[in-house]
Every structure is written in C-alpha cells, then in structure tokens.
Amino acid sequence: MANIQEIAKMAGVSVATVSHVVNRTRYVSPETVQRVEEVIDSLEELPNFIVKKRGGGPKDQKQQILVFSTDIFHPFQADIIQALKEKTSDISELHIVHVQAEDLLQTLSSYSLANSKLNIGKVLLLDRPLGRSLKVHSSLKASPTVVVSENAFDFNENETNEAYTIISDNYKGAYDSVRHLVNHGHTKIALVHDCFKQDGMPDDILKGYKHALKDCDITLYKEYIIESSSVENIHEILSRREPPTAMIITSETALLQVLTFLNRRNLHCPEDLSILCFNDRRWFELYNPALTAVRPDVGQISDKILSYIIKEEYDTSQENDPSHVPVKIQLRQSTAGIARGPFGEKAASVDSIQITEQEIETVRSKKPTAVISFHYTGAAWMHLHERGIRDLFNELGISLLAVTDAHFDPAMQNKQLEGLMALDPDIVIAIPTENNKTSEIFKKIGKSRSKLILITNIPHGMEQEDYTSCVSVNEWSHGRLAGSGLGSTMREEGRKRIGLLSFDSDFYATNQRDTAAHQILVEEYPDLEVVGEEQFKDESEVIEKTKKLIHEHPAIEGIYVSWEGPATKVLEALKELDREDILIGTADLDYKLALNMANGKNIKKISAQLPYDQGRALALAAANAVLDKYVPKFIGVEPVEVTQENLLKMWKRIFHESASKEIVEAVKANPYYLPSKI
C-alpha cells in the first residue's frame with residue numbers, strides 16, 4: 001500500500017500538496033489537483049488516510065484570506081475579489097474575507113482579524129499610492145501579503161518591500177493600444193495621461209505609447225501628449241482643423257471632459273474620434289457607444305495571488321520582485337477603422353458632398369456634359385453604377401454624351417478614352433481596366449479641362465492633383481462586415497478554424513478590404529484560429545487554391561474569400577471535395593451566393609456594396625466639381641450586411657428590383673421565415 005510520500009513522488013509534488021489535495025485545506029491549481037488525483041486513482045489499494053478523507057468531513061474552523069480594497073465599486077477590485085472567490089469555491093475549509101477601507105494601512109493596524117492564526121494571507125487592492133511604508137506592520141511577516149494594482153505608479157519600493165507586488169503590464173497595454181489604432185488606419189493618436197515619472201524616467205504607459213509609434217514609423221508630436229488635468233490643452237487639440245483621429249485616455253475625469261466636448265460640438269465617437277480607455281469602469285460598457293478599454297487579466301492575477309499565498313507548490317526564489325501580468329483590449333464600439341484612399345487620405349462620407357436646391361439650379365444653368373468609361377458592363381454592378389449616375393444627372397441637367405465598355409482590354413479602353421475626349425466633355429467618369437497600361441491616357445485627361453472622377457482605383461503614376469475625386473465602397477467597413485459575418489456565424493455554430501483566400505494584387509481597395517477582414521477575425525474573435533492562407537492572382541486559380549488549402553488544413557471549418565466571383569469558385573471546389581459543411585464569408589452579393597444563402601447552406605452573412613448609391617455619389621462629386629467646390633479626394637459609400645433574414649429586403653435595396661422567384665421560394669421555405677421582417 002502506497003504512503004503519502006510515495007504518492008507525492010509519483011505526482012512530482014510535495015507531501016504538503018498531496019495533503020491539501022486530499023483534505024481540500026488550501027488552494028491548489030487545477031492542473032496539480034488533476035495530476036495528484038490521477039496518481040491516486042491509479043493505485044490498486046487506497047491508503048487509509050485517503051479513504052477517511054475523500055468523503056470530506058466537518059472542520060472546526062475555516063482558514064481565511066483577507067482581501068482589503070479601497071473601493072468595492074471599482075471594477076478591477078470587484079473583479080479580483082469575485083475571481084478569488086470563484087477559484088476557492090470548492091475548498092470548503094477556506095474563506096475569502098473582504099474588507100473595504102479608505103485607509104488600508106490604518107485598517108491593517110486596527111483590524112482584529114489581521115493577526116489571527118486562521119489567516120493564511122492578505123491581499124491589498126490599490127487604486128492609489130499607499131503614502132507610507134508597510135514595514136510598520138509586524139503582522140505582515142505572520143502570513144504572506146500581496147499588493148495588487150492596475151498602475152505601476154501606485155507602488156513605491158520603500159512602501160511595499162515587505163510584500164509581494166502584482167502590477168498590470170501597462171507598457172504592453174499602451175503599446176498594443178497604439179498598434180490596434182494604427183492597424184485600423186489611425187496615424188494621429190493622442191495620449192491623455194497623468195505622465196508620472198519614476199527616477200526621471202517616463203512611466204510604463206508613456207513608454208509603451210512612444211515605442212509603439214516609433215515601431216509603426218509614425219511621427220511623435222509632443223503636443224499629442226496631454227496631461228489629464230489640462231482641460232485647455234484637451235479642448236485646444238480637439239478644436240484644430242485636423243485634430244487627432246484617436247485618443248488613448250487613462251483618466252476617468254479627462255474622459256468625461258472629452259465626451260462633453262464632443263457632445264457640445266455635435267461631434268460623434270467613433271466617427272469623428274475613436275476613444276480607447278485604460279482602467280475599465282462599469283459604465284464604459286453602458287455608454288453609447290460602449291467604450292473600448294484596456295483591462296487587466298483578472299484570472300491570471302488571482303492565480304498569481306494564490307500562488308504567493310499557497311507557497312508549497314511554487315518556486316519562491318524571486319518572490320519579492322514585482323510581477324507583471326498581461327492586460328487585454330476589451331473591444332467595444334468607441335474605436336473604428338478609417339477607410340483610406342490610395343494616398344492614405346481619410347475616406348469622406350457622401351454627406352460631405354450634398355448640394356442645395358440653389359446649387360442644383362446653378363449646375364443646370366451651366367448645362368455641363370459628361371462621359372463614362374467602364375472597364376466592363378456585363379454585370380449588374382456596372383449597370384447599377386450607370387443607372388445611379390444617369391438618374392441624378394437627369395435631375396441636375398447634366399448631359400451624358402456617351403458610355404463605353406472596354407471588355408477588360410486596356411488597349412481598347414485607351415482608344416475609347418481618346419474618342420471620348422474628342423467630345424470635349426466637362427466631366428469624365430471612369431474605372432481603369434488596368435492600372436499600368438492605362439496610366440498615360442488618364443494622366444492626359446488629368447491635364448485637360450475635364451473634371452476626372454475615378455471609380456475605385458487610381459492608375460499608377462497619377463498624383464492627387466491629376467483627378468478630382470475617387471468614389472468607392474468604404475473598403476474598410478466592407479472588409480470588417482465580411483470578416484465579422486464569418487466570425488460571428490462560426491462562433492454561433494461552435495466552429496473554430498478559419499482559412500483565408502485573399503487577392504494577390506496591388507489594388508489598394510481589395511488589399512484594404514482583406515486586411516480589415518483579417519484584423520477583425522484576429523482581434524475581435526480570439527476564440528477562433530486562422531490556420532491557413534492562400535493568395536490568388538486570378539479567379540481561374542481559386543478552385544485549385546481552395547483544394548490546396550483544404551488538403552493542407554483539413555480541419556478548416558470556415559473560409560474568408562475577397563469577393564463574390566472567387567466565392568462562387570470556392571463553392572465549386574467544396575462541392576468537388578464533398579466539404580459543403582465549410583462556411584464562407586465574403587463581400588458583394590450576386591445570384592449564386594444569394595441562392596446559397598436562401599437555402600441555408602455555406603453563406604450565412606455577407607457584406608454588400610450599394611452600386612446604385614455609389615453611382616449617385618459619383619454624380620454628386622461631378623456636380624460639386626462643376627460648382628468649383630472642394631471635393632474630397634476619396635469618398636467611401638458604406639456597405640450593408642445581408643443575412644437570410646433580410647435577404648429579400650436587401651436584394652431590392654441593392655439591385656432596385658425584387659429577387660427572383662427561386663430565391664423568394666427558398667427564403668420562404670426556411671422554417672424561421674417571418675414575413676414581417678422581409
């Protein structure tokens with residue numbers, strides 16, 4: 001019959017740890033408990049001490065861990081207390097005793113339980129510096145004391161050198177916050193922070209902010225670092241012609257100042273300013289929009305607290321060194337990506353180019369003329385663009401002289417554009433067939449008197465002064481909707497592994513879409529895993545690329561693909577592979593994808609452009625140009641999300657006609673179909 005020493009040796013733990021596991025007298029990590037119990041379960045005959053104790057029994061007194069906090073409503077402190085209670089809930093002989101106190105040191109010196117033999121440890125949760133040393137308390141040596149705070153500047157080595165210290169890794173929190181905003185298109189990022197310095201060195205948050213900007217190759221502007229208490233500086237920088245597009249705020253008081261300023265100026269978060277906060281508060285989640293925040297990993301902190309107090313299991317050679325635990329960004333609605341044009345300019349909304357009735361009359365009086373050069377007109381996308389342009393041109397009195405179709409042939413488009421320019425139009429609207437081979441003709445148009453308005457792409461070699469504006473879908477939003485559609489569906493269906501099929505090109509629009517989709521899947525769906533990626537240069541490659549991706553990663557349960565054309569090829573490949581169980585997330589709607597969605601198959605959610613609306617935006621840009629008004633260099637029209645539930649309604653909005661009988665019948669065959677929602 002094995003004894004306790006032999007069991008401890010077999011499990012690779014101490015005798016005391018085996019005793020705690022059997023008697024449930026102290027916290028032991030779940031992994032260690034499992035290891036010890038596996039050894040015990042493997043024994044042919046159980047020792048008497050295990051037979052007697054396994055059923056448990058009443059104990060005369062409970063051991064205690066005293067947790068002292070300064071503010072029970074402080075979310076960090078409340079979360080730590082709750083985590084400690086949960087992690088020790090199955091230990092009937094151990095009790096978490098919470099004590100709230102404004103002055104922790106005074107309470108420690110007078111609290112009657114502080115010196116009790118029942119106490120196996122004390123935890124001090126700080127939200128400000130202690131102010132004087134813990135050395136004065138001899139009770140600290142009787143049992144371990146752990147001091148915990150979100151901020152490193154709450155600690156002073158002379159105050160806490162009698163205790164273990166746990167600090168949130170705010171350097172990485174600030175670094176990751178900047179990288180998060182940069183990845184979402186922000187380059188003007190302000191830090192509103194009480195810039196405490198220790199021994200002449202900047203604190204962790206300030207260091208993380210500066211290092212992240214440097215690593216992202218973004219210029220550091222000193223005026224973008226603002227003391228939280230400096231209301232005047234906060235207001236001044238937000239009042240500039242080109243203010244920061246994002247702010248990292250570490251003070252609740254400063255945050256309220258910023259929100260008040262935005263409200264009074266009729267500005268909106270995140271449209272006008274993305275906000276990312278430190279030190280998450282309960283109301284952050286309730287605010288509209290809910291505020292993105294850096295928050296400590298309370299699970300790891302509570303594990304670390306218990307590891308210091310229950311020392312038998314752990315190496316304590318570095319116990320008195322401060323321990324840094326990770327933080328994570330709690331993504332909410334107060335941070336948003338910035339869609340950008342080919343030169344990095346922020347995408348303007350269609351609202352910025354609206355014109356008045358008086359201006360419409362002025363446009364009519366000028367009797368302007370226009371031409372359109374399409375790369376191809378054999379798809380609904382181009383027809384809807386043309387229809388949107390024509391409808392608004394008719395309202396504005398702009399004469400459309402000609403529309404050409406280059407059939408994806410750059411040489412043909414060059415000749416067609418030469419012919420169109422012979423008509424001497426006031427306005428040229430065009431989408432390049434190819435960015436290199438059409439470059440010279442577009443440069444020539446840019447130097448003419450005609451106002452050049454481009455659709456989606458800019459030919460290579462052109463500068464911003466060579467054209468009036470470029471109009472496209474907001475590609476950043478487009479990618480995020482496509483990515484979140486796949487991510488949310490996979491989460492709902494309990495799936496985990498994703499493959500990516502992205503376009504290998506130098507088209508900034510598609511690249512921006514793919515980047516946005518990838519980022520939202522990684523950042524906002526951390527429970528999912530991107531296990532493989534392939535790129536294609538042409539739709540003809542997609543079937544083989546899909547087969548390769550699935551062959552190398554057979555566990556894939558969902559695939560993101562750049563747009564609807566390649567998505568139909570993915571469907572073909574999955575059918576050949578007999579893998580029609582795999583979900584697909586993509587951008588843009590067509591008949592095949594809509595029918596797949598209506599039948600409840602691979603595609604559950606999709607991001608779709610509004611090509612008719614984009615056509616009207618092109619016509620509005622042309623009208624502004626005729627009026628000699630300023631026209632943003634890049635205008636992004638917001639996409640929409642399409643699901644089986646709203647498919648019929650969205651089909652009509654996108655294509656300006658009702659869906660086919662086949663799609664309608666498939667939607668109505670869905671057992672969850674609700675006519676009132678269509």
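The values are calculated or read from the model by the stated rules, or taken from the named source; none is laboratory data. Nothing here was measured: the structure is a model prediction, and the numbers come from that model. When we count neighbours, we look across all protein chains shown, and the Cβ atoms used for this are built from the backbone with ideal geometry, even at glycine.
Structure above, values below:
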read-out	value
Selection count, the stretch 562-577, where residues are among the aliphatic types (A, V, I, L, M) and within 16 Å of residue 514 (Cα to Cα)	1
Some residue of the stretch 437-454 being of a type in the set (A, V, I, L, M, F, W, C), within 31 Å of the chain's Cα centre (by Cα) and surrounded by 24 or more Cβ atoms within 10 Å (Cβ to Cβ)	yes
Filtered residue count, the stretch 511-539, keeping only those that are part of a helix (DSSP H, G or I) and without any contact (Cβ under 8 Å) to a residue 12 or more places away in the chain	2
Residue, surrounded by the fewest Cβ atoms within 10 Å (Cβ to Cβ), within the stretch 455-481, restricted to residues that are under 26 Å from residue 271 (Cα atoms) and in contact with a Lys or Arg (Cβ under 7 Å, 6 or more places away or on another chain)	464
Failed item in (1) over 21 Å from residue 588 (Cα atoms); (2) modelled with pLDDT of 95 or more, with residue 351 passing the rest	(2)
Pairs, first farther than 24 Å from residue 462 by Cα and in contact (Cβ under 8 Å) with a residue 60 or more places away in the chain in the stretch 341-369, second among the charged types (D, E, K, R) and part of a loop (DSSP other than H, G, I, E, B), C-beta under 6 Å, six or more apart	368/426
Those residues of the stretch 80-92 which are buried (at least 18 other Cβ atoms within 10 Å of the Cβ) and of a type outside the set (Val, Ile, Thr), in sequence order	83, 84, 87
Residue within the stretch 397-411 that is modelled with pLDDT of 95 or more, surrounded by fewer than 18 Cβ atoms within 10 Å (Cβ to Cβ), polar (S, T, N, Q) and closer than 26 Å to residue 637 by Cβ present	yes
Any hit, the stretch 616-633, residues being touching a residue at least 12 places away in the same chain (Cβ under 8 Å), within 30 Å of residue 397 (Cα to Cα), assigned to a helix (DSSP H, G or I) and among the basic types (Lys, Arg)	yes
Evaluation of residue 298 against (1) surrounded by 18 or more Cβ atoms within 10 Å (Cβ to Cβ); (2) out of contact with any strand residue (DSSP E or B) (no Cβ under 6 Å at 6 or more places or on another chain); (3) over 30 Å from residue 31 (Cβ atoms) (one fails), failing number	(3)
Failed item in (1) crowded, with 20+ Cβ neighbours inside 10 Å; (2) small (Gly, Ala, Ser); (3) within 30 Å of residue 624 (Cα to Cα); (4) at pLDDT 90 or above, with residue 336 passing the rest	(4)
Helices (runs of 4 or more DSSP H) enclosed by the stretch 38-157 - at least 1 residues per element that are modelled with pLDDT of 75 or more and in contact with a strand residue (DSSP E or B) (Cβ under 7 Å, 6 or more places away or on another chain)	75-87
